[in-house]
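Asks: Sending over a structure as structure tokens; questions will come in a sec.
Quick note: the coordinates plus some simple rules give every number you see, no bench work behind them. Predicted, not measured: the structure shown is a model, and the values here were computed from it. Backbone-built Cβ (ideal geometry, glycine too); neighbour counts: all protein chains shown.
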Ligand code: SF4
């Protein structure tokens, strides 16, 4: 498959085609964080729209945005930089869930950790951003991200493959490593990952 | 509902039940009723485990009706853990059943004359109290199985496990769920110890032959209930987030913002968070044939709960809630969901509050009794509590007692009760509630309806830091009111954002009782409840100095944001100025 995002040819590309019901198995990686190579030096609002291709409805659904560990209130006034970590969540329960909502009525409750930008703007540049996608956003935004291809630390992939059950492997229709089929035995043998720090992972439903 | 069942456990020939008219307590339910009875009838300076203390169990105002979400039940007493007034509430079936049997409350009072243990059976024909010493030290699951074999499967149970019998400060009271399992607990404040001090092991309820409670205006009630349900279903939190993942959906995001207390409140991030998150939990439950979406009682449309199966697909416990997964998980450095689920089961079985127990184990780990992350050691410590060994007796009396016994400074308690799963240095507003709630550190104390809906105390500029005190006050007032209706607090998310849904709730109450309930009325009720509770605590010896977080929250920087708790004592003292 062709990646919708240019990750360069730096890392091996592992492409899964799996039964529809198995796509959610990969959401565990989205919770831990995946990396994308992209244009940085833009606002969170622009990043969501231009880089993650999130439409109005999706952006509305993203109620908590955490940039480098800090809740963001104003999407236009928080900037994505090379090396940033951006976590996205739908509306969360509880007072604390409400507290962490962007621009919510209880934002003062967490004023000690709220995101405040130190500069007015940043120069656009190519970079790598870590993205974490949680809860109700995983099946939409997260799934699209996996389809387009993401960078995942080799250790995380190794753990992920080790933890898969028989049922998972039964539901894998095709697994390609750099466009060539790879046998299950070879894939589960961590040898192919040795010396690699990242791999590019893409996942589509059969 | 027109009567109170008073059981005098100190009567000459064993506990004696008397039905009395609800009288001066008419119109009150849930927390409003428990706190009214405790503040009027219990001497504030009494010993919590003595004959002067009372245990009040009260369904909500709409419990037993066809109203959705109306099945929470409140338990009130003077708390053996905090030394102040306590309302602890729970889901499960008993609230609906007790209300249909016509009782506004059950009050256990007096001091037992012997060491005999009793069971109470209540049905349409009346109340039967029987001595049954074969129940001594039975864990909750075994106890309920025994009651089922005796009384059939149409019952629901209110019970204590061994921790309650041993009068431990962390002892809970269990309420059975729809599957007749003792999975729902009034956990906080040691209410189980007070039931234990009355020598009542279990209250078995059977509402066979009783009718659903009828509203004064059935048509209006039905219409309001429909609007209320639609409001809950259309809101992203109550209609999607909670049903899909339960409350544990908070783990990832709390961890991400660095507000997830880890290793006994040492830091705000836990490396294993994604392994124990609500997302992972739901995926695990579904894969193993459990349930990721389930109600704790009939009539719940949100269904934030679930059923957790072990690796072999057998029932292990109900879906552990966020606070439980945090307390036994990240706070103890444990990232194995199966072990956490086992700890949840053991807590339910022995009858212990999961928050207090998790916080206690973390303090014990800090003291060197076990290593952080050692799940098997944590399980062993809970067994010690269930057995009542000397160590177990210390642990079962909570984090404060354990900290004192083992010389630990970092003990996250307020008024003797362990803090739940949100660090007050990262989310300082919740620290205001932890510090000032009459209940001790309690996340649900300031949880509910938005001040911009209720306008409690006028408009507040929430973006200013000083808004934290006002908001905490308003939330505590609103929560006290919601707790008095018997509605599940999780309705708050929909009510918070959707004034129509709040109006539907008011309309339900109005149509049911033939009154005109307004937002102001709800506010006044909340204030009245809080005032009663504060007055009780004052008379019990509480001063403004008790409304404080432990001092290390002001001095120890909390990573990753390196923040300390910055709300001043002067501001904390303003919370109850209205
Ligand atoms: S939302 Fe959850 S806690 Fe509330 S009544 Fe339903 S299952 Fe019980």
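Asks: Considering every pair of different Cα atoms, what Kirkwood radius, in Å, is found for segment B:78-191?
Replies: 14.9 Å
Asks: Report the equivalent ellipsoid semi-axes for segment B:479-578 in whole Å, largest first, defined as the square roots of five times the eigenvalues of the gyration tensor built from alpha carbon atoms.
Replies: Equivalent-ellipsoid dimensions as semi-axes: 34, 20, 11 Å.
Asks: What's the exposure ranking of B:173, B:355, B:379, going from fewest to most Cβ atoms within 10 Å?
Replies: Ranked by crowding around the Cβ, least crowded first: B:379, B:355, B:173.
Asks: Further question on the same structure: Where in segment A:108-137 does the amide nitrogen come within less than 11 Å of the point 7 Å from the Cα of residue A:39, taken along Cα to Cβ?
Replies: The answer is A:124-126.
Asks: Of all the Cα-Cα pairs you can form in segment B:248-418, what percent are over 23 Å apart?
Replies: Tail of the P(r) past 23 Å holds 37 percent of the pairs.
Asks: So for each of B:395-405, B:540-550 I average, over its residues, the number of other beta carbons within 10 Å; can you give me the resulting order with the highest mean first?
Replies: The packing order, highest mean first, is B:395-405, B:540-550.
Asks: Taking every DSSP beta bridge with both residues inside chain B, roughly what % is antiparallel (nearest 5)?
Replies: The answer is about 75 percent antiparallel.
Asks: I'd like to know how segment B:179-234 sits against the 2.2 N^0.38 Å rule of thumb: what's its Cα Rg over that expected value?
Replies: For segment B:179-234, the normalised Cα radius of gyration is 1.78.
Asks: Also, quick follow-up: Using a Förster distance of 41 angstrom, determine the FRET efficiency expected from the C-beta separation of residue B:133 and residue B:410, and round it to 0.05.
Replies: About 0.45, to the nearest 0.05.
Asks: For peptide B:284-292, compute the average count of partner chain beta-carbon atoms within 10 Å of each residue's beta-carbon. Mind showing how you got there, number by number?
Replies: Details: counts 0, 0, 2, 6, 0, 0, 0, 0, 0.
That average works out to 1.
Asks: Considering only C-alpha atoms, what is the centroid distance from segment B:1-68 to segment B:416-438, in Å?
Replies: After rounding, the separation between the Cα centres reads 29 Å.
Asks: Between segment B:168-183 and segment A:141-162, how far is it from one alpha carbon centroid to the other, in angstrom?
Replies: 41 Å
Asks: Who wins for biggest fluctuation among A:80, A:65, A:182 in a Gaussian network model of chain A, springs between alpha carbons below 10 Å?
Replies: A:182
Asks: Per-residue mean of other chain beta-carbon atoms within 10 angstrom of the beta-carbon, peptide B:273-280?
Replies: Details: counts 2, 9, 5, 0, 5, 4, 10, 3.
Mean shielding by partner chains, rounded to a whole number: 5.
Asks: Kindly state, as a whole number, the per residue volume in cubic angstrom of the convex hull around the alpha carbon atoms of the protein assembly as shown.
Replies: So the per-residue hull volume is 152 Å³.
Asks: Now for a different question. Working from Cα positions, state the angle (0 to 90°, nearest 10) between the long axis of helix A:154-163 and the longest principal axis of chain A.
Replies: With rounding to tens, the tilt is 70 degrees.
Asks: Please give, to one decimal in nm, the separation of the simple spin-label points placed at residue A:179 and residue B:234, each 7 Å out from Cα toward the Cβ.
Replies: The modelled label-to-label distance comes out at 5.2 nm.
Asks: Percent antiparallel among DSSP beta bridges with both residues in the protein assembly as shown, to the nearest 5? Don't skip to the answer; put the middle values down first.
Replies: On the way: 71 of 94 bridges.
Here the antiparallel bridges make up roughly 75 percent for the protein assembly as shown.
Asks: According to a simple spin-label model (label point 7 Å from Cα along Cα-to-Cβ), what is the distance in nm between residue B:214 and residue A:19?
Replies: Spacing of the two 7 Å Cα→Cβ label points: 5.3 nm.
Asks: Return the ratio Rg/(2.2 N^0.38 Å) for chain B, where Rg is computed over Cα atoms only.
Replies: Compactness ratio reported: 0.88.
Asks: Taking all pairs of distinct Cα atoms, average 1/r, flip it, and tell me the Kirkwood hydrodynamic radius of segment B:3-205 in Å to one decimal place. Could the numbers behind the result be given before it?
Replies: On the way: mean 1/r = 0.0616 Å⁻¹.
For segment B:3-205, inverting the mean 1/r across all distinct Cα pairs yields 16.2 Å.
Asks: I've got another one for you. Using a Förster distance of 22 Å, how high is the FRET efficiency between residue A:123 and residue A:46, based on the Cβ-Cβ distance and rounded to 0.05?
Replies: The calculated FRET efficiency here is 0.95.
Asks: Then there's this: Over segment B:153-253, what portion of Cα pair distances is larger than 22 Å, expressed as a whole percent?
Replies: Roughly 58 percent, rounded to a whole number.
Asks: Can you give the FRET efficiency to the nearest 0.05 for residue B:286 and residue B:577, using r as the Cβ-Cβ distance and R₀ = 51 Å?
Replies: Once the sixth-power term is evaluated, E becomes 0.55.
Asks: Average partner chain C-beta neighbours within 10 Å, per residue of B:553-560?
Replies: Details: counts 0, 0, 0, 0, 0, 2, 0, 4.
Averaged over the peptide's residues, the number is 1.
Asks: Using only the Cα atoms of chain A, what are the Rg and Dmax in Å?
Replies: Rg, Dmax (Cα atoms, Å): 17.9, 54.
Asks: What per residue convex hull volume, in Å³, comes out for segment A:132-199 when only alpha-carbon positions are used?
Replies: Per residue, the Cα convex hull of segment A:132-199 comes to 115 Å³.
Asks: Out of every Cα pair in segment B:328-403, what percent are spaced more than 18 Å from each other?
Replies: For segment B:328-403, the share of Cα pairs beyond 18 Å comes to 25 percent.
Asks: What percent antiparallel are the DSSP beta bridges of segment A:2-205, to the nearest 5?
Replies: Around 75 percent antiparallel, to the nearest 5.
Asks: Sticking with this one: Could you work out how far the C-alpha centroid of segment A:25-86 sits from that of segment B:197-233, in angstrom?
Replies: 44 Å
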